[in-house]
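Each reported figure results from applying straightforward, stated rules to the coordinates on display, with no laboratory input. Being a predicted model, the structure only gives us computed values, none of them experimental. Here the Cβ positions follow ideal geometry from the backbone for every residue, glycine too, while neighbour counts run over all protein chains shown.
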Amino acid sequence: MAIFRAGGAVRNGPGIARASLERGLVPIGLGIGITFAVALAGLACLDSVGQGAKPVDAGAGSDAAATTTASETATPAARDAEGFSESERSLLRSLSIDALPAVPKDPSNRVADDPDAARLGQLLFFDARLSSNGKVACATCHEPARFFTDGRAVSEGVGTTNRNAPTVVGSAYSPWLFWDGRRDSLWAQALAPFEASAEMNVTRVEVVRHVVRDPVASKLYREVFGRAPLEGDPGRLPPRASPFGDPATQDAWARLPAADREAVDRAFADLGKALAAYQRQLVPGPGRFDRYVRSLASPATPAGPDAAAALSPLERQGLALFLDSGRTQCLRCHNGALLTNQAFHRIGTELMAGGFPEFGRFLGIQAALIDPFNCLGPFSDAKPDDCRELRFLRRDHVQAESGKFKTPTLRGLSRTAPYMHDGRMATLEAVIEHYRHPPPRDPDPSMAHELLPLELSDDESRALVAFLHTLDGEVAAEAPWLAPPGKNGASPATNPDR
């Protein structure tokens, strides 16, 4: 919600060597892009198209939300009992969960909307056997009870990561995944944590072999993809093999026949697509804010909205601040029904403890371009014309993207603390304080953060936090999707025989 200074056009740049990525400059894993960092932004968000991010595609009406605010629409027009003009009510409707369209199609994943693929993905999501110590599953860092986050500053897998686990709820709407956008699809993202040494610490060969040998997973795989995960005896494969990892692991991968490498990669990609099919079930449901907006359309009495849906005076004050472009400019980046423009910004969190830089989107762009599982890769089901985000990603002056991280959704904030890409802020109060008193800017304009101090009183800050809590809601998925499946791998949500 900080006021941003206007900046130059966002530009992306030349490739970076694969070797530098494999040496760890890009963390390979960690769950899907987005815990609620409340990266409240401003004018620089208008560069989202140049970054390849869909400008408000994450919620109907978000174009209007990005350009229309309460102060801009405050004209001598008729107002309702709550004090809103018709244009302001339209703006509120664009932010409501009711404006969220259906989950967008993913042409790169032919099984994205296959219920059996979702069942297989659910089985994999909760299976801790797919980690080197048998204790870490996708659900370890993405707990259903925590809005699919883990409550830690940085996630703990087999080791300790350097990233806060973002929620996977609503991630199917995002064109870029991870805090730095280093994957361009939900299924490509789902593969990365397996081979991340601090997360699940297994290789793709181990993952595929597990599915081949597990009777439930193997059966589901055959039903979904019409073939076995791997032909022949999986015992012919080395215990661990991957293009990533220690020298022995990489050497074992290089020694595999090309046909075996291709077969393993294809089965591995298929498992990512099944995981994506499951996560596409996880979308946010309505909260108190959404019920309030609904009540404005059909108030119970001429005096105002239904009492059960009403916001408190403090929350109502926070909503007014959120909408006020002259005070906060929150809507510049937090717009649409998911309250994110899906773009990347430098907001004063680009330095780690000790002053070392966070590369953020700078390396994320490079990783997305060289990922063999991207939309243009051999394992994608998309046609090249379907891959507009990747094809039109600008690649010049990529250095200017250093330190930028993705604008998170504001849905579910109460259950997704701590905040920011590295969990450095434990509370929403701390987040607002960061925007009130941002750190000094880098003297290099191309590397300076985008914030100007947010001029709010203590009471106004409390009001803004109170409003943000009204955005909480449950996951809009049937209960069986929110827990591990039965021992036979079936989810009651898709298997009426259970």
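Tabulated results
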quantity: Likely footprinting exposure, Leu177, Leu376, fewest C-beta neighbours within 10 Å first; calculated: Leu376, Leu177
quantity: Ranked packing of 317-324, 157-164, 103-110, 271-278, most packed first, by mean Cβ within 10 Å; calculated: 271-278, 317-324, 157-164, 103-110
quantity: Kirkwood-Stokes translational diffusion coefficient of the stretch 178-273, alpha-carbon pairs, 20 °C, 1.002 mPa s, µm²/s; calculated: 154
quantity: Residues Phe392, Phe344 arranged by fewest to most Cβ contacts within 10 Å; calculated: Phe392, Phe344
quantity: Long-range HN-HN contacts of Val169 with modeled amide H, under 5 Å; calculated: none
quantity: The stretch 436-441 - phi-based ³J(HN,Hα) in whole Hz, Karplus 6.51/-1.76/1.60, Gly and Pro as x; calculated: 6, 9, x, x, x, 7
quantity: Three-way shape label, the stretch 348-447, alpha-carbon gyration tensor, a/c 1.5; calculated: oblate
quantity: Built amide H within the under 5 Å cut-off of Gly285, gap 5+; calculated: Glu474, Val475, Ala476
quantity: Local net charge near Pro229, Cβ-Cβ under 15 Å (Lys/Arg +1, Asp/Glu -1); calculated: -1
